[in-house]
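One structure below.
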């Protein structure tokens, strides 16, 4: 498993032996840099190297470097092997984008500490915030770092993980803990989230609303309720049921208001979003949908936490 | 032998966290594997009655450690850090060393019987080692993020070591 600076591409088959040839070649500037990590500064192309460095690939005769590399057949084998690795890595990089939209995900993680702090504050106290519109910059929404109204995935992801851990903690203090319960909590919370997302997407489709609410946006919005849940459970652990109900009640109302104000801009037509009540069956239907989504949040918050606080 | 020396050198780097690139540049996963196996073995309950006491099974410790490390690495990369996948795994794995030492000490302390004083000692030891782990890994990982995002990358690390400390603290043979 030892490799200095070798970023093993996931798609290439692992060669059986794990021994590495220790090499310091004349003519190679820094043998450790042959397979550069793509995350650090400039990567040298894999296929661009004319001579193989003899790194990372096992050889039957591992201890004699000079005669081994003077053999032209193994030179060719090395070159072929390294080009295979490069090809494999390109293939993986190209195809992973089809399943997990990495570049799109990066947008949702373009956050910084100030944004996270302000957003958390907004989640528990959305009453004073005036402008809920996401700023755009030439047709693309601005990164969350620059606009507090933009959805992000960092807070929901961290809140979800913290919720599972806090749930484990709560069960542990009641002596009902066992490690597989953590997995059970995790999968049940994930199942509810998936169900929510599917239900909302289905209803959006049925109501035929033209909205720029993408699936990832929806996941982000639905993940914000975990923040309130964590707060409720933690306070419930410290101060008992009264504290739990108080904090959970506050967070339920806040998340209800937050969701309504955010989704109103996304789902309702522009006129209605500005506060002008527009009569018409379609808009009414959309309003009901928004209220239903927002009302589902407190219900789920209670459902997923009440068994943790006794 | 060379690998062993490299692993030993990295252990030293974790114990005395200084700004050095040795852990990052020449990553290897032997150290984390050894530490993980040791921790999982020591967290086994000596339950001969076969009843499920709720102690973590060997596989569960493994899964928690490795999935936790993978999640933190993914988070760090998505936040835009310039650290590679395996380098991050390497750092996180090596920084479990203080907690493994805490586990050893806890096991020794538990030989003297259980009680509130016993618990306070164990709590203190685990807390100190937890802080050490977090500081050590932060010293390596925080540098890969720009300053306005350091706290965001450190938070999951904190959670990760907290879970491991919790498993160690609640262990009773």
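Here, each number is a calculation from the coordinates, and none is a lab measurement. In this text the structure is predicted, and so the values were computed from the model without any measurement. Neighbour counts run over all protein chains shown; Cβ positions are idealised from the backbone, glycine included.
Where does helix B:97-110 land angle-wise versus the long Cα axis of chain B, in degrees 0 to 90, nearest 10? The angle comes out near 10 degrees.
Here the sum of -39500 (n - 2.57) over DSSP H runs of 4 or more residues, divided by the residues of chain B, equals -23000 deg cm²/dmol at 222 nm, to the nearest 500.
Note on the stretch B:61-103: Cα convex hull, mean projected area over all directions, 3.0 nm². Here each label is just a point 7 Å from Cα along the line to Cβ, and for residue B:143 and residue A:75 those points are 3.9 nm apart. The angle separating the long axis of helix B:30-42 from the principal Cα axis of greatest extent in chain B is about 20 degrees. With the convex hull drawn over the C-alpha atoms of the stretch B:62-158, the volume per residue is 93 Å³.
Calculate the FRET efficiency for residue A:173 and residue B:70 from the Cβ-Cβ distance with a Förster distance of 25 Å, rounded to the nearest 0.05. Calculated value: 0.30. Take each residue of peptide B:142-152, count the partner chain Cβ atoms within 10 Å of its Cβ, and average: the result is 3. Take each residue in B:155-162, count the other chain C-beta atoms within 10 Å of its C-beta, and the mean is 3. Counting only Cα atoms, the stretch A:66-218 measures 75, 55, 38 Å along its principal axes, largest extent leading. Here the label points at residue B:57 and residue A:285, each 7 Å from Cα along the C-beta direction, are separated by 5.0 nm in the simple model.
Modelled spin labels at residue A:303 and residue A:136, positioned 7 Å past Cα toward Cβ, are 3.5 nm from each other.
For the residues of B:75-87, the average number of beta carbons from a partner chain within 10 Å of their own beta carbon is 5. Annotation: peptides A:138-145, A:296-303, ranked by per-residue average of other Cβ atoms within 10 Å with the highest first, follow the order A:296-303, A:138-145.
The simple Förster model, with R0 at 22 Å and r as the Cβ-Cβ distance, assigns residue B:110 and residue B:131 a FRET efficiency of 0.55.
Return one number: the angle in degrees, 0 to 90 and rounded to the nearest 10, between the long axis of the Cα atoms of helix B:150-169 and the longest principal axis of the Cα atoms of chain B. The answer is roughly 20 degrees. Give the residues of the stretch B:141-171 whose amide nitrogen is closer than 18 Å to a point set 7 Å from the Cα of residue B:118 in the direction of its Cβ. The answer is B:167-171.
Determine, for each peptide in A:251-263, B:101-113, the mean count of other beta carbons within 10 angstrom over its residues, then list the peptides with the highest first.
Per-residue mean Cβ counts within 10 Å order the peptides as A:251-263, B:101-113.
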